[in-house]
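For reference, the structure is listed below as structure tokens.
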Amino acid sequence: MEKTFLMVKPDGVQRNLIGEIVARFERKGFQLVGAKLMSIPTELAEEHYGEHKERPFFGELVDFITSGPVFAMVWQGENVIATARQMMGATNPKDAAPGTIRGDFGLTVGKNVIHGSDSPTSAEREIGLFFKDTGVVEYSKLVNEWIY
Ligand code: RTP
Ligand code: MG
């Protein structure tokens, strides 16, 4: 089953949005298979956002994502990578549709509440980076029989 890496960013944790965000993915029918509250070391932040190394906002991005704890998660389900991105909304909350997480809870591009992998390659890479030590939890859920 497809898996993706999602993370409530430091602003979402500080604003008490963990439960709200988890609830949205649960209600959709996705299955939580990994989760931890953690501080991101600078080296991990730089590696995670490595694709943006040359961008002018890279320093701010790393400073922000390491500024407080994040809630890192792995979710699984059919088409979860693309669907989670739709549920998150556009990168800049001013362009994100109402009903999406960024559309409902964000105001600025720098503090946009949630991260989600943007492709199968990114998902595999990011799950590897964040859940290297603990792995994910494989388990069956009876409710899945009513979803699929
Ligand atoms: P993310 O990686 O955090 O899930 O966000 P994303 O895929 O929607 O957007 P991406 O292009 O990967 O950018 C990563 C994060 O960098 C910040 N950003 N700032 N100041 C700017 O113009 C700017 N552009 C992007 C955002 O916080 C974005 O989530
Ligand atoms: Mg991205």
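Read-outs: derived from the displayed coordinates by stated rules, not from any lab. These figures come from a predicted structure and were not determined experimentally. Using ideal geometry, Cβ is built from the backbone for each residue, glycine included, and neighbour counts are taken over all protein chains shown.
Odds and ends about this structure:
- Once the range 1-57 is narrowed to residues that are among the basic types (K, R) and free of Cβ contacts under 8 Å to residues at least 24 places away in the same chain, the residue that is nearest to V74 (Cα to Cα) is R27.
- Odd one out for K141, checked against (1) over 16 Å from F25 (Cβ atoms); (2) charged (D, E, K, R); (3) more than 16 Å from ligand 2 (Cβ to nearest atom): (1)
- Qualifying residue in the range 14-22 (condition: of a type in the set (D, E, K, R), buried (at least 17 other Cβ atoms within 10 Å of the Cβ) and on the phi < 0 side of the Ramachandran plot): no
- Residues that are more than 23 Å from V13 (Cβ to Cβ), within 15 Å of ligand 2 (Cβ to nearest atom) and more than 15 Å from the chain's Cα centre (by Cα), drawn from the range 51-94: E51, K53, E54, R55
- Residue within the range 93-104 that is free of Cβ contacts under 8 Å to residues at least 40 places away in the same chain, near ligand 1 (Cβ under 9 Å from one of its atoms) and either of a type in the set (S, T, Y) or buried (at least 17 other Cβ atoms within 10 Å of the Cβ) (or both) present: yes
- 2 or more residues closer than 27 Å to E138 by Cβ and of a type outside the set (G, A, S): qualifying helices (runs of 4 or more DSSP H) within the range 1-57: 18-28, 42-48
- When K3 is tested against (1) of a type outside the set (A, V, I, L, M, F, W, C); (2) buried (at least 19 other Cβ atoms within 10 Å of the Cβ); (3) within 16 Å of ligand 2 (Cβ to nearest atom), exactly one condition is not met: (3).
- Among (1) touching a Phe, Trp or Tyr at 6+ places or on another chain (Cβ under 8 Å); (2) surrounded by fewer than 18 Cβ atoms within 10 Å (Cβ to Cβ); (3) of a type in the set (V, I, T), the one test that V113 misses: (2)
- Within the range 97-125, the set of residues being in a helix (DSSP H, G or I), closer than 14 Å to R24 by Cβ and within 15 Å of ligand 2 (Cβ to nearest atom) comprises I101, R102.
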